[in-house]
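Here's the structure, in structure tokens; my notes come after.
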Amino acid sequence: MDEFWMNTYSGKAFHFLNPQPDEIDIVDIAHHLSLLCRYTGAVKKFYSVAEHCVRVAQELPPALRLAGLLHDAAEAYINDISSPVKASHKLEETEARITAVINQKYELANPFPEEVKKMDKVMMATEVRDLMPSGCKWQELPVPLIRVIIPWTSDLAEWRFKEIFKWVRQVTR
């Protein structure tokens, strides 16, 4: 295939430049995201990408929960890279390619529905309020959720991610 590949938690080889659906594994996605900290670690307390994805999914109607759960799944393979770095190094293309393969594998719309993108922004507003040091500068954000985020352990985030995935797959099949 190509020289740009990585080993995943399950032992698969994942090729960045030419990812294939059989290289994608929900076990890898859940595990990798549960150990990745949102905002490249610029939070008061560890808060995983997996937890963020679960929280987004839980706020969406059942038909959109899988899309909400997997909206950041590409980060399992490329990390939670800050938006300015992604833009300055043209990493959006790699992330988009990986997302397209994940969406193909799990039969999701590409790009994600607008409702998923909106809930991602609402969750970001909630995370900024609850998890970021005060005084951080942010773009204009929507109104946050009422519920306060108290971060989970990485083990709990991984378990909840896999449980929601199983539930959604059963309900939508």
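The values are calculated or read from the model by the stated rules, or taken from the named source; none is laboratory data. From a predicted model like this one, the values you see are computed outputs, not experimental measurements. Note: ideal-geometry Cβ built from the backbone for every residue, glycine included; neighbour counts use all protein chains shown. Accessible surface areas use protein heavy atoms only, side chains included; no ligands, DNA or RNA. Shrake-Rupley method; radii C 1.70, N 1.55, O 1.52, S 1.80 Å.
Does region 164-173 contain any residue that is outside any helix (DSSP H, G or I) and either more than 15 Å from the chain's Cα centre (by Cα) or aromatic (Phe, Trp, Tyr) (or both)?
The answer is yes, given that some residue of region 164-173 is outside any helix (DSSP H, G or I) and either more than 15 Å from the chain's Cα centre (by Cα) or aromatic (Phe, Trp, Tyr) (or both).
Any idea which of Ile29, Ile98, Ile102, Ile81 is outside any helix (DSSP H, G or I) and either modelled with pLDDT of 95 or more or closer than 25 Å to Trp159 by Cα (or both)?
Just one listed residue meets the conditions, Ile81.
Between residues in region 148-173 that are in contact (Cβ under 8 Å) with a residue 60 or more places away in the chain and of a type in the set (S, T, N, Q) and residues that are open to solvent by less than 30 Å² (accessible area, probe 1.4 Å) and outside any loop (DSSP other than H, G, I, E, B), which pairs lie under 7 Å by C-beta distance while being six or more apart or on different chains?
Ser154/Ser34; Ser154/Ser48; Thr172/Leu66
In region 97-119, which residues are open to solvent by less than 70 Å² (accessible area, probe 1.4 Å) and under 13 Å from the mean Cα position of the chain (by Cα)?
Matches in region 97-119: Ile98, Thr99, Ile102, Asn103, Phe112, Val116, Met119.
Condition test on Leu36, is it open to solvent by 10 Å² or more (accessible area, probe 1.4 Å) and modelled with pLDDT under 95?
Spelling it out, it is not the case that Leu36 is open to solvent by 10 Å² or more (accessible area, probe 1.4 Å) and modelled with pLDDT under 95.
Pick from region 82-96 the residues that are of a type outside the set (S, T, N, Q) and surrounded by fewer than 15 Cβ atoms within 10 Å (Cβ to Cβ): which of them is nearest to Tyr9 (Cα to Cα)?
Taking the candidates together, the pick is Ala96.
Considering only region 120-173, how many residues are touching a Phe, Trp or Tyr at 6+ places or on another chain (Cβ under 8 Å) and either open to solvent by 60 Å² or more (accessible area, probe 1.4 Å) or aromatic (Phe, Trp, Tyr) (or both)?
Selection size over region 120-173: 1.
Given the conditions (1) within 25 Å of Tyr9 (Cβ to Cβ); (2) aliphatic (A, V, I, L, M); (3) not in a loop (DSSP other than H, G, I, E, B), which single one is not true for Leu108?
Unmet for Leu108, out of (1) within 25 Å of Tyr9 (Cβ to Cβ); (2) aliphatic (A, V, I, L, M); (3) not in a loop (DSSP other than H, G, I, E, B): (3).
Need pairs with beta-carbon distance below 7 Å; first residue on the phi < 0 side of the Ramachandran plot and aliphatic (A, V, I, L, M) and within region 95-111, second crowded, with 16+ Cβ neighbours inside 10 Å and part of a loop (DSSP other than H, G, I, E, B); sequence gap 6+ or separate chains.
So the pair list comes out as Ile98/Pro19; Ile98/Ala74; Val101/Pro19; Val101/Ile24; Ile102/Ile24; Ile102/Ala73; Ile102/Ala74.
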